[in-house]
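Quick notes on the structure that follows.
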């Protein structure tokens with residue numbers, strides 16, 4: 001078994017880790033050539049592709065697999081482009097809705113307050129100490145500083161809950177349903193609480209548009225995420241609705257999902273080494289195509305990419321015929337997996353001033369008595385292992 005993120009208990013960690021790139025699997029050469037021809041004829045850079053989706057859609061979900069530097073930098077780069085297009089809101093998993101007054105204050109202050117930006121990140125998750133995520137706030141602040149004084153300001157909208165992880169004091173507590181309910185305090189991705197409700201109330205109800213940046217599993221709109229029984233090796237039904245599912249149920253195809261390229265969860269389960277997205281076809285195409293077409297965004301619906309399989313991934317379960325077009329509406333590839341870089345850990349993100357809160361609010365109770373040094377080391381190691389400490393793709 002590969003090592004999972006130490007900062008979470010196994011019960012709440014829902015994302016497969018990244019991998020170093022193994023030798024690409026052999027794939028049907030005719031399919032590869034067809035995909036290459038489509039990309040060459042319909043090429044769009046990732047930034048142009050995302051912006052283009054707002055022509056016909058109101059809420060665009062951009063789903064990542066966490067801690068990849070270039071994905072967060074893409075979001076930073078998109079902020080001024082969104083504003084030019086008349087999209088004034090970036091909704092994000094990486095901030096609590098409770099902290100909206102702090103976010104608004106930060107983005108509209110005459111000088112940038114790095115300490116406040118880090119506090120907002122810390123409040124959302126006490127060990128999400130990565131500079132690129134914090135710098136998303138800075139990109140929005142910088143844009144607002146450049147706007148005329150009477151112009152509308154760009155806004156970052158926090159959608160996350162304010163869980164109380166201090167409720168869990170032992171490993172046994174992690175499996176106690178009553179205690180876990182107390183952690184979340186009746187908040188979640190459900191329509192009735194945060195996440196989707198924030199987007200529907202603060203964006204859709206006002207006739208506005210937004211880019212929603214989150215983990216991929218939160219970003220599903222039409223697609224339902226399957227569960228897998230690791231012991232019985234069987235499909236175990238679908239998860240509860242995710243944020244994107246709720247928004248889609250409310251506004252239909254005005255909401256779509258764009259997937260950022262990353263390894264997928266294996267068909268053997270969430271605790272197994274990852275596998276190639278779309279059974280390796282996307283990686284194989286990008287390895288062969290001319291470099292100028294390699295960093296690209298493209299549709300899956302109604303294109304040759306939409307027919308790609310995912311037989312080696314857990315995502316196939318519950319579907320008679322799983323294809324990439326079922327999984328997402330669009331796809332972004334920025335670089336091959338072996339070139340992925342981790343986000344940058346912030347030095348002393350956890351310090352003597354916030355150590356007590358960090359200990360109390362760690363999802364994994366084995367960190368209740370950790371030192372600041374141990375917590376900062378865990379932050380750095382999790383970023384590094386997202387890239388390096390993984391079994392080969394298969």
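Any read-out appearing in this document is the output of simple, stated calculations on the displayed coordinates, not a laboratory observation. If you're wondering where the values come from, they're calculated on a predicted model, not measured in any experiment. Glycine also receives a Cβ, built like all others from the backbone with ideal geometry; neighbour counts cover every protein chain displayed.
Things worth noting here:
- Distance from the Cα centroid of segment 345-374 to that of segment 204-222 is 31 Å (rounded to whole angstrom).
- Relative contact order computed over segment 35-173 (Cα-Cα under 8 Å; 6+ residues apart), in percent: 31 percent
- Rounded to 5, the percent of DSSP beta bridges in segment 10-385 classed as antiparallel: 35 percent
- MRE, 222 nm, helices only [DSSP H, n ≥ 4, -39500 (n - 2.57), over the chain, to nearest 500]: -9500 deg cm²/dmol
- D (Stokes-Einstein, µm²/s), Kirkwood Cα radius, segment 10-385, 1.306 mPa s at 10 °C: 74 µm²/s
- Three-way shape label, segment 160-207, alpha-carbon gyration tensor, a/c 1.5: prolate
- Order by protection proxy (mean Cβ within 10 Å, highest first), peptides 261-274, 149-162: 261-274, 149-162
- For peptides 325-334, 106-115, sequence by mean Cβ density within 10 Å, most packed first: 325-334, 106-115
- Computed from the C-beta positions of residue 238 and residue 84, the FRET efficiency with R₀ = 41 Å rounds to 0.60.
- Peptide ranges 199-206, 309-316 listed from the most packed, as the mean C-beta count within 10 angstrom indicates: 309-316, 199-206
- Across the alpha-carbon set of segment 246-394, the Rg to Rh ratio works out to 1.06, Rh being the Kirkwood radius.
- Nitroxide proxy distance, nm - points 7 Å out along Cα→Cβ at residue 32 and residue 112: 4.3 nm
- Contact order for segment 10-385, expressed relative to its length and based on alpha carbon pairs under 8 Å spaced 6+ residues apart, stands at 25 percent.
- Between residue 179 and residue 119, the FRET efficiency from the beta-carbon distance, with R0 = 25 Å, is close to 0.35.
- Gap separating the Cα centres of segment 236-251 and segment 99-122, nearest whole Å: 31 Å
- Segment 260-394: relative contact order as a whole-number percent, Cα under 8 Å and 6+ apart: 26 percent
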